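Quick notes on the structure that follows.
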Amino acid sequence: MKIVLLRSLALCGLARCASAQNANGAAGSIIETANPGFEGAYTTVASSSDAPTDKGIIKGAIASGWGDNSNWADVDVEYARETVNPHRGQASQKIVVKRVTSGAVQFVQNVPLRKGRIHVWKLWMRGRPGTSVTLSIRQAGAPYAEYATQTASLAAEWQEFRVFGAIPEDTGGFLMVRATSPQTLWIDDSTLQDLTRAASDAPARSGNMLAGGGSFEAGMPFGWSVRFEGDQGFRPQDPRPRIETATAAVGQKSLRCDLPAGADARISSPLLGFNFGREHTLSFWAKARVPDTTLQATIEKAFGGGVTLGTQWKRYTMTTKLPFLPYTQLRFQVPQTTTGNTVWLDGVQLEERAEASPGYIAPEPVELSLQLPQPGHVLLDNEPGLVRLGVAGRLAAGARLRLSVADLAGKSVAVPAVALPATSFALPAMNNRRGTWKLRAQVVDAGGKAISAPYELVWARLPRPKNIDPQRSYFGLHLPLSQNYFDIARRIGVRRTRLHDTSMVGKWSIAEPERDRFQFFDVGIDMAQRSGIAVLGMLDGAPRWTTTRPREGYWGIWNIPDQPGALDRWDNYVRRVVGHFKGRIDSWEIWNEPWGAWWLASENPNATPQLYGELSRRAYTVAKTVNPQVSILGIDTYPGSTWTNLVLPHAGPKYFDGFSFHEYNDAVFGGPNPIPSLRRREFIEAQAKFGQPKPLWNTEGGLFGVGSWLASETGGMPVTQQPAYIVRYDVTHMAAGIHATYLYALHTDPTLGDIQTATSEYDRSVKPILAARAVLASMVDGLGAPVRSELVKGVDLYTYPGGRTSVLWSYDGEKHSLRVPRGVRVLDVWGNTLPEAATISVGVEPIYFVR
């Protein structure tokens with residue numbers, strides 16, 4: 001999967017975004033919308049007689065001007081006019097979501113959207129604590145682009161939620177509230193505001209706005225990241241930035257990035273709040289090993305420009321008036337070269353003024369950096385954690401590092417401070433409990449006054465993973481082919497990876513870029529094998545020389561082989577690649593998402609189901625000839641896609657050993673007919689028309705938006721909900737007999753706050769979605785498919801073969817009391833033993849019964 005970011009800027013809740021905090025005082029205009037207060041007449045929904053729609057039941061009364069857009073989904077939802085405890089006025093809209101089997105409940109209002117406008121949508125909501133909905137400003141028709149989105153975590157009291165978006169086109173739009181799990185919520189007082197020409201009325205900021213600094217004297221400040229891309233994605237070099245001590249423009253140190261041949265680099269700052277509608281100046285020093293290197297400097301989503309670097313230090317400045325944004329980031333993009341390059345950066349600052357100050361201004365007296373060496377910031381049971389500490393600046397007597405630790409629920413406790421100077425300190429043991437934790441550190445003087453910016457670091461304490469044959473494992477993850485990522489994977493119980501766009505080894509465009517010139521990147525594959533990670537290869541991506549209509553950029557890897565003789569060349573490619581990796585890659589999948597942009601018949605009329613079928617039949621036959629033990633996965637479809645029925649007549653079960661599909665879904669699975677069981681029925685029945693059905697593999701799936709604990713304002717599924725989501729996702733897939741699931745993805749070094757399928761933070765620390773999955777893997781991997789029962793109505797109980805381990809949760813959103821069977825230990829979602837009791841309260845977050 002490649003995520004194309006359609007919305008024009010990221011979004012946030014106002015509480016943590018400095019620029020957005022001033023939105024109420026901005027000169028924005030209110031856009032007239034229908035019935036913003038949910039007063040007046042309510043319209044009866046057409047199916048209120050309980051007659052189902054095509055897939056679900058939608059009934060009740062909806063406020064005039066608003067509507068339901070869920071008749072495409074399999075849901076059960078009831079709307080009502082609520083007169084008890086509205087936020088304001090006489091009424092609010094009540095929504096009771098009883099069931100979401102597939103799709104989502106979508107409550108909407110149509111609004112016209114205009115190109116170039118910047119909007120904020122404000123909405124008051126309340127609901128059952130622990131539940132959430134998604135707010136979005138989006139396109140009403142295909143392709144349903146989202147211009148703004150935000151996950152709203154509900155509470156019993158009324159709260160105001162806001163989303164911000166820049167509109168890139170004239171279109172009909174929706175204001176949408178989207179629910180994907182059972183819950184009850186109330187909505188009131190909607191406001192749509194135009195902030196296109198707004199200006200902040202906050203006092204001007206002075207000095208360098210880059211908290212933590214940009215001179216790298218203590219090491220990498222909080223939130224700074226460097227991502228290397230390009231050809232290095234095919235090779236396990238895993239370059240990392242380093243702090244240079246031999247040359248600097250400011251102070252004694254600088255940031256150094258060594259780019260391998262064929263790799264580019266993207267340097268990103270932390271998130272920055274600012275006063276919008278005012279002039280700001282970015283300044284920085286830089287140089288490069290290769291003369292005349294072009295560096296693109298960007299104030300993200302606002303302004304950018306290129307500068308030419310020489311081999312000596314030089315200061316560069318850029319001034320612009322910043323439009324309304326919840327926040328921004330600084331980005332520095334260095335292009336790839338055929339020989340490699342080195343770039344140095346120093347003295348970065350952003351000021352609210354029309355020109356740069358004469359020299360670099362340190363935003364705080366002291367700079368601070370922290371580093372935890374364990375891969376993924378994962379500590380296994382009884383493993384100590386020693387944080388490396390970097391401090392630069394003048395420290396007076398009595399200075400210390402003030403520390404606090406928060407759990408996932410937000411409960412914070414102070415821990416003993418560290419006297420300075422020091423070079424390291426031990427992480428608190430947290431009573432040896434498993435879970436994920438966030439450390440906050442800040443240097444203070446003898447009087448307790450902060451003299452550095454805060455630094456936050458996330459870590460997890462997890463059980464030791466099972467040591468089983470990877471071929472028996474269910475748990476897969478898309479990974480870059482590098483040792484550090486394999487080390488992270490092993491710590492979190494992952495035993496499988498898939499070669500897609502996190503590592504493209506084996507694709508035809510990579511393996512044979514020119515006719516008869518094959519290149520094999522063995523080091524990463526050998527590394528995976530030594531690390532105990534089974535590799536699923538990809539037979540896809542035709543090179544340019546095989547097609548009549550070559551594609552460009554990222555998509556240039558996936559051409560359609562329609563030149564004369566291309567099918568014979570496909571045979572040759574399959575023979576060479578499968579033969580070369582025999583014994584190291586013994587499972588291969590035919591093409592990534594051929595129902596979508598990776599095949600894209602709209603660009604090439606020869607990209608037909610018939611051609612895909614021909615490629616599949618040939619690949620199966622040729623691969624079995626060179627490696628009789630190889631497993632071929634076919635179809636690679638998507639739930640509900642017409643692709644399945646179009647392709648199976650041309651490439652039936654006779655020509656694959658496993659049926660692959662992708663399941664991206666932000667619904668929290670559960671209930672008598674969970675989504676994976678419906679998928680199984682759909683795909684088994686489709687195969688049965690053409691032969692003996694083959695086992696199902698979910699080769700890519702998960703969340704599109706994975707919230708960050710270090711930058712929650714960027715949206716995505718909140719970290720508090722990720723454990724319930726992923727455990728229920730995997731358990732229901734296992735119960736449906738899915739052979740393996742490859743979660744997408746552990747991307748290479750995302751930026752701070754990146755949520756687009758990013759399962760790690762900017763510093764490679766794993767997010768709760770991976771940590772909770774690791775606990776599940778440690779308990780059930782290799783046991784087989786669990787069986788569902790329902791001891792108490794509303795509670796799913798999945799018991800694994802052998803009867804020693806069960807997973808249970810409330811699927812209706814209510815809390816249920818359940819008697820604990822004799823001889824059973826009850827564990828929380830992290831694997832911590834709960835106090836002994838005769839009964840246990842079961843909620844949406846899974847717990848374990850262990851005999």
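The values are calculated or read from the model by the stated rules, or taken from the named source; none is laboratory data. What you see is a predicted model; the values in this text were computed from it and never measured. Note that each Cβ is placed from the backbone with ideal geometry, even for glycine, and that neighbours are counted across all protein chains shown. Please note that ligands, DNA and RNA were not included when accessible areas were found on the heavy atoms of the full protein model with its side chains. Shrake-Rupley method; radii C 1.70, N 1.55, O 1.52, S 1.80 Å.
Here are the numbers for this structure:
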quantity	calculated
Electrostatic dipole magnitude of the chain [Cβ: Lys, Arg +1; Asp, Glu -1; Cα centre; debye, to 20]	1440 debye
Accessible area, probe 1.4 Å, largest first, for residues Lys411, Lys98, Lys507, Lys122	Lys411, Lys98, Lys122, Lys507
Surface accessible to a 1.4 Å probe, per residue, for the residues of segment 654-731, Å²	29 Å²
At most 15 other Cβ within 10 Å, DSSP loop - trypsin sites (Lys or Arg not before Pro), segment 542-592	Lys582, Arg584
Exposure of Tyr762 as accessible area (Å², to 10), given a probe of 1.4 Å and all protein chains	10 Å²
Rounded percent of accessible protein surface that carbon and sulfur make up, segment 281-355, 1.4 Å probe	48 percent
Whole-number accessible area per residue in Å² for segment 98-171, which is evaluated in the context of all protein chains at 1.4 Å	35 Å²
21 Å Cα-Cα reach of Lys301 towards lysines, excluding residues that sit fewer than 8 places from it in its own chain	Lys2, Lys115, Lys321
Subset of Lys507/Lys624; Lys411/Lys767; Lys253/Lys767; Lys94/Lys815; Lys122/Lys411; Lys253/Lys449 violating a 24 Å alpha-carbon distance limit	Lys253/Lys767; Lys122/Lys411; Lys253/Lys449
Anisotropy class of the chain from Cα gyration tensor, a/c 1.5 cut	rounded
Between segment 77-128 and segment 137-213, the alpha-carbon center distance in angstrom	13 Å
Heavy atoms of Glu352 accessible to a 1.4 Å probe, total area in Å² rounded to 10	30 Å²
Segment 575-644, relative contact order in percent, only Cα pairs under 8 angstrom and at least six apart counted	48 percent
Options Gln150, Gly130, Ile118, ranked by Cα towards positive dipole end of segment 41-156, top entry (Cβ charges)	Ile118
Listed residue (Asn341, Ala356, Leu322) projecting farthest to the positive dipole end of segment 307-365, Cβ model	Asn341
Cβ-placed point charges (K, R +1; D, E -1), dipole of segment 614-725 about Cα centre in debye, nearest 20	580 debye
Accessible area per residue, Å², segment 368-460 with all protein chains present, probe 1.4 Å	46 Å²
Qualifying aspartates and glutamates (Cα of each under 17 Å from Cα of Lys466; at least 8 residues distant if same chain)	Asp381, Glu383, Asp487, Asp730, Asp781
Carbon and sulfur %, accessible surface of segment 607-669 computed with the full protein complex present, 1.4 Å	53 percent
Positive-end residue, the chain charge dipole about Cα centroid, Cβ charges, pick of Ala774, Phe107, Pro821	Pro821
Heavy-atom accessible area order for His478, His747, largest first, 1.4 Å probe	His747, His478
Whole-percent carbon and sulfur share, accessible surface of segment 130-265, 1.4 Å	46 percent
Residue-level accessible surface for Tyr638, protein heavy atoms, 1.4 Å, Å²	60 Å²
Relative contact order (%) - criterion: Cα under 8 Å, at least six apart; region: the chain	10 percent
